[in-house]
Each structure stands twice: as structure tokens, then as C-alpha cells.
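In what follows, a single structure is set out as C-alpha cells and then discussed.
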Amino acid sequence: MTGKSAGRGVLDGAFALLDALRRAGGEAGLTEIAVACGVPKGTAHRLLEQLAALGAVERRGRKYVLGPELFRLGQSWQPYPGLRTAARMPLLRLRMTTGASAVLVVLRDGMALTVASVPGCAEPLVPVRDGMCFPLATAAGLALTSRERGPFVDRERVVAGLCCAALPVRGPGGRVVAALAAMTPSDRPLAPLTAAVATAATTLTTRLPRRCAGAGEAEAEAAAVEAAAAAAGA
């Protein structure tokens, strides 16, 4: 094995271990990780200790958890320039006005990947977290892939007791770069939820062209809305 291919093998192994930790909910023991990756415990231990030295994982008792360095690196990823920063305020306002769980998703590897989220009243049914994925058959997935303009709604078609409304977010030129969705229990009316999602998606779409000049302003607005939500007990 050449030095180049050996290095690639080590990287593949390290990322496999990190992905196993992610799939385990961010915390797992050495044996569980090794079995999930199909590697000897000695190999898994060596790689995990190297990752720990870099801050990519941490040891907590007999288990490993994802480390702060991964969080720092992940926060800098932008699937579209300025998207996550611009989405903070519309997501928070959507949560405040509807009580819904609000998510921003992008198309990755045949799934709708959550890149920003605000938990709401759908939490007992579908806990929303950054990094979680939804099938493309959901309202959020259809908003990413359909040629129709939307809105896209789903009442208990995917998850019993849950309804969802979603709309695409478009970048300059009209290309769909993301989708914004809100989820509530199915006993709530869909029309007001859909209208609120449409407002949020339009706001986010119009904010994208000024992403470079307005990044600081977007952060300030989002901080103000977040403070208001906390004060209101959201």
C-alpha cells in the first residue's frame, strides 16, 4: 500500500468512526463503535484516541462523544453562501407566530438535510435537530425537488398525528437552494401555518442577495428575536 492510499485509508476509517458516533446519537462505547464499523477494537481505539487528541471526540467515562472541534467546523459550513445566517430570523419568527417546529433543509444524498432548526410544538412527535434527514416524499422534500412552486402540505401522510407545510427558498436567478418547513400536531389548521411558512420563505429568499452586506445585521435581528422568544416563554 502506498503512502497516499494508506493515508486515505486512515481518513476513511476516522470518518467511519465519527459517522458511527453520529448514528448512535453522539455517544457510544468502544465495542459498539467497532462493531458498527466492522473494525477490530484495537484499530477503533487507536483512531478514536487520535481523534480525541484533535478535539474531534471526547471521552466521558467508558464512552466516546462527538467533540467541540467538530461543532466549530460544522457551524462554518454553508450549503449556499449566507443561507444559514439569513435563515435565523425567519425561522425564529415562524416559531414565534405559529408555535410550530421550524426547519430549513437542503438536498443532500437523496435526502432533505436539516441545516437550521427551531424546536416547537411538534417536538413530542418529531424532535427536530440540525443534521437530521427527511425523505424526499415529505412536504419538505417535495419543496426541494418538485417543479411546482408549492405550497406543499402533508397531513399525517408520513407521521401519524403530524402535519407539515413547506415552500422552496430560491437564490438569485430563481434556483431552489433550500426549503423551509413548519410542523405542528394535526389537530391544528393548516391554512394559517401555510401562510406563515410562505411569509418566512419569501423573507428568506429576499434576504439572500444581500447576504454579504447584511450578515451582521441578520445576526443582530436574529439575536433580538431570540431574546423576545425567550422572554415570551417560547
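The values are calculated or read from the model by the stated rules, or taken from the named source; none is laboratory data. Here the structure is a predicted model, which is why all the values come from computation and not from measurement. When we count neighbours, we look across all protein chains shown, and the Cβ atoms used for this are built from the backbone with ideal geometry, even at glycine. We work out accessible area using only protein heavy atoms, side chains counted, and drop any ligands, DNA or RNA first. Shrake-Rupley method; radii C 1.70, N 1.55, O 1.52, S 1.80 Å.
Quick notes
- Volume per residue of the C-alpha convex hull in region 56-99, rounded to whole Å³: 105 Å³
- Dipole axis of region 54-98 (+1 Lys, Arg; -1 Asp, Glu on Cβ), positive-most option in Thr85, Thr98, Gly74: Thr98
- Remark: the chain carries a charge dipole of roughly 400 debye about the Cα centre, counting +1 on each Lys and Arg Cβ and -1 on each Asp and Glu Cβ.
- Accessible area per residue, Å², the chain with all protein chains present, probe 1.4 Å: 52 Å²
- Of the trypsin sites (Lys or Arg not before Pro) found in region 34-80, those in coil by DSSP whose Cβ has at most 16 other Cβ atoms within 10 Å are Arg62.
- 0 to 90° range, to nearest 10: angle between helix 190-207 axis and the chain longest Cα axis: 70 degrees
- Couplings 3J(HN,Hα) of region 42-48, computed from phi: x, 5, 4, 5, 4, 5, 5 Hz, in residue order, whole Hz [Karplus 6.51 cos²θ - 1.76 cosθ + 1.60, θ = phi - 60°; x for Gly and Pro].
- Of the solvent-accessible surface of the chain, computed with a 1.4 Å probe over protein heavy atoms with every protein chain present, carbon and sulfur atoms account for 59 percent.
- Between Ala198 and Glu69, the contour length at 0.36 nm per residue exceeds the alpha carbon distance by 42.9 nm.
- Accessible area (Å², 1.4 Å probe, nearest 10) - Cys164: 10 Å²
- Looking at the chain, the pairs of alpha carbons with a distance over 33 Å make up 29% of the total.
- Value of relative contact order over the chain, rounded to a whole percent, pairs C-alpha under 8 Å and six or more apart: 16 percent
- Taken over region 67-181, the convex hull of the Cα atoms encloses 113 Å³ per residue.
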